[in-house]
1. Filter segment 10-36 down to residues that are acidic (Asp, Glu) and under 19 Å from the mean Cα position of the chain (by Cα) and give me whichever is nearest to TYR58 (Cα to Cα).
2. Considering only segment 138-154, how many residues are open to solvent by less than 50 Å² (accessible area, probe 1.4 Å), small (Gly, Ala, Ser) and touching a residue at least 24 places away in the same chain (Cβ under 8 Å)?
3. Do you know which residues across segment 35-84 are touching a residue at least 60 places away in the same chain (Cβ under 8 Å) and either open to solvent by 20 Å² or more (accessible area, probe 1.4 Å) or closer than 30 Å to THR140 by Cα (or both)?
4. Picking from TYR113, TYR88, which residue would you name as being at pLDDT below 95, within 16 Å of the chain's Cα centre (by Cα) and open to solvent by less than 50 Å² (accessible area, probe 1.4 Å)?
5. Got a number for residues in segment 110-137 being over 22 Å from GLN94 (Cα atoms), in contact with a helix residue (DSSP H, G or I) (Cβ under 6 Å, 6 or more places away or on another chain) and of a type in the set (A, V, I, L, M, F, W, C)?
6. What helices (runs of 4 or more DSSP H), lying completely within segment 74-190, carry at least 2 residues that are touching a Cys at 6+ places or on another chain (Cβ under 8 Å) and aromatic (Phe, Trp, Tyr)?
7. Looking at segment 118-133, is at least one residue surrounded by fewer than 21 Cβ atoms within 10 Å (Cβ to Cβ), basic (Lys, Arg), touching a Phe, Trp or Tyr at 6+ places or on another chain (Cβ under 8 Å) and closer than 30 Å to HIS171 by Cα?
Amino acid sequence: MAEEKPKAAERIRRTARELFYREGIRAIGVEEIVTRAGVTKPSLYRSYASKDELAAEYLRDYEVGFWAAFNAGADIHPDDARAQLMAYFEGLSQRASQAGYRGCGLTNAVVEYPGDDHPARKVAEENKRKLRARLVELSTAMGAKHPALLADGLLLLLEGTYASGQLFGAHGPAGSLVKIANQLIDASLA
């Protein structure tokens, strides 16, 4: 039996995810998405009310992958908040040092859409609020004297890694992420 070709909506979603991450949401038009997905514009608009809604859906999908990666350390180190966090930082350090790394799709969306009313920005902002709260939880579990302050420092490290990985690649600051994070955590627990 021949493999079934993905439905138009799935091809649109997959194509948009690839293009939006690699090129940026604003840089990619509907025409390019439908051409690369091999569908028509009416197919896109039957599945998504607008390009803005497609962008928001891309970020919702991206967020699922983000949380899976961020929380993967909890399965390996269920009773060790620091090891859980460092598992993510180690993976991020490696990813951000590779060619073609484009940072965090959610962070990139915040930069692309400075206004508060864009659907993609709303998804990204909510993710960043949840991430900050999760970092406070982990910092508290690690025994930080000032959990919110440590969480903010860790968040700044993450966001800096997302940006610097795009700029410097293999020989940049992303390679120092784990060491710097450990030093920050040690100083916060002392």
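The values are calculated or read from the model by the stated rules, or taken from the named source; none is laboratory data. Fair warning: this is a prediction, and the values are worked out from it, not measured in the lab. Virtual Cβ from ideal backbone geometry, glycine too; neighbours counted across all protein chains shown. Calculation scope for accessible area: heavy atoms of the full protein, side chains included, ligands and nucleic acids excluded. Shrake-Rupley method; radii C 1.70, N 1.55, O 1.52, S 1.80 Å.
1. GLU18
2. Counting residues in segment 138-154 that are open to solvent by less than 50 Å² (accessible area, probe 1.4 Å), small (Gly, Ala, Ser) and touching a residue at least 24 places away in the same chain (Cβ under 8 Å) gives 4.
3. Within segment 35-84, ASP52, GLU53, LEU59, ARG60, GLU63, PHE66, PHE70, ALA81, ARG82 qualify.
4. TYR113
5. The number of residues fulfilling the criteria is 5.
6. Here the list is empty.
7. Among the residues of segment 118-133, not one is surrounded by fewer than 21 Cβ atoms within 10 Å (Cβ to Cβ), basic (Lys, Arg), touching a Phe, Trp or Tyr at 6+ places or on another chain (Cβ under 8 Å) and closer than 30 Å to HIS171 by Cα, which makes the answer no.
Quick grid of which residues meet (1) more than 18 Å from the chain's Cα centre (by Cα); (2) among the basic types (Lys, Arg):
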residue: THR40; (1), (2): yes, no
residue: ALA56; (1), (2): no, no
residue: TYR62; (1), (2): no, no
residue: ALA69; (1), (2): no, no
residue: ASP80; (1), (2): yes, no
residue: TYR101; (1), (2): no, no
residue: ALA120; (1), (2): no, no
residue: ARG129; (1), (2): no, yes
